[in-house]
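The values are calculated or read from the model by the stated rules, or taken from the named source; none is laboratory data. As the structure is a prediction and not an experimental result, all values here were calculated from the model. Virtual Cβ from ideal backbone geometry, glycine too; neighbours counted across all protein chains shown.
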Amino acid sequence: MPSRAPHDAPGRRTPGSARVRLDRVKVVKILIWIACLAPLGIVVGKIIGIIDFGPHPVQEVLHSMGKTGLNLLLITLAITPLRKITKQNWLIRLRRLLGLFAFFYVVLHLLAYAALDLRFDFATLGTDIAERPYITIGTLAILLLIPLAVTSTRGWQRRLGRNWTRLHKLVYVSAVLGVIHFWWQVKADIREPLLYALILGALLGFRAADAWRRRRRRTSVAAAAAASR
């Protein structure tokens, strides 16, 4: 009968599977960095002349930064439903990176608007924010993301405790405002912002249904415990 290898000894944890999961997260994060920086690389390539701009370069840059930010925000919101559906808990470790990239691009979107469209005319920027509703909504969406980006570290999570979870629910409000900003900006063809609205509605609907199921489960457990007394 073959002797048991030391790493197979009962009661001793084997780090092999943990290392595989860790390596998988590292690889996926590297791929996320590459994918998330690609839109910025394309814009930089257009600016330096490697890639040709279209007929409206300023709008092209604005659209690229804003749409990438909104895409990443929705992908960030999709992590939790995907984790629960697939039972792949390691996916949650990607959420912070995706969220920070989403914030990065929406800030670039605002900066590109201020620099390329308004030439840093802050008086006009203030007027636009105050008088043009879709810019008001978009600016508010970015402002709501600032405290989330600042408090995204584990240290802030420990300091804030349960308040951290409450604070980070602002991401839902920001996502809704981002989709509204996109919708109001479109003047004729609303098919694309409608698609974004449907995706966001599905993501928020999943969360609402999941919260309802967990609340019912807690109520059932509490009722069963009370009945057994």
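Residue check: is I32 in contact (Cβ under 8 Å) with a residue 40 or more places away in the chain and assigned to a helix (DSSP H, G or I)? I'd like the intermediate steps shown before the answer.
Details: in contact (Cβ under 8 Å) with a residue 40 or more places away in the chain: yes; assigned to a helix (DSSP H, G or I): yes.
Criteria met by I32.
Residues of segment 104-124 that are touching a residue at least 12 places away in the same chain (Cβ under 8 Å) and more than 16 Å from the chain's Cα centre (by Cα): L110, A112, Y113, L116, D117. Among the residues of segment 209-219, not a single one is under 19 Å from the mean Cα position of the chain (by Cα), hydrophobic (A, V, I, L, M, F, W, C) and either surrounded by fewer than 16 Cβ atoms within 10 Å (Cβ to Cβ) or on the phi > 0 side of the Ramachandran plot (or both). For K29, the conditions (1) basic (K, R); (2) modelled with pLDDT under 90; (3) closer than 27 Å to S174 by Cα all hold with the exception of (2).
Yes/no matrix, rows are residues, columns are (1) among the hydrophobic types (A, V, I, L, M, F, W, C); (2) loosely packed, with under 15 Cβ neighbours inside 10 Å:
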| position | (1), (2) |
| --- | --- |
| A141 | yes, no |
| P147 | no, yes |
| S174 | no, no |
| R207 | no, no |
| A222 | yes, yes |
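Considering segment 171-196, the residues that are assigned to a helix (DSSP H, G or I) and touching a Pro at 6+ places or on another chain (Cβ under 7 Å) include one that is farthest from L70 (Cα to Cα), namely W184. Screening F101, F120 for residues that are among the aromatic types (F, W, Y) and surrounded by fewer than 16 Cβ atoms within 10 Å (Cβ to Cβ) leaves exactly one candidate, F120. Residues in segment 119-145 that are outside any helix (DSSP H, G or I) and either of a type in the set (S, T, N, Q) or within 20 Å of I180 (Cβ to Cβ) (or both): R132 only.
On the given criteria, is Q185 out of contact with any Lys or Arg (no Cβ under 6 Å at 6 or more places or on another chain), within 27 Å of L62 (Cβ to Cβ) and free of Cβ contacts under 8 Å to residues at least 60 places away in the same chain? Here the answer is yes, as Q185 does meet what is asked.
Number of residues in segment 76-97 that are crowded, with 21+ Cβ neighbours inside 10 Å and either not in a helix (DSSP H, G or I) or not hydroxyl-bearing (S, T, Y) (or both): the value is 1.
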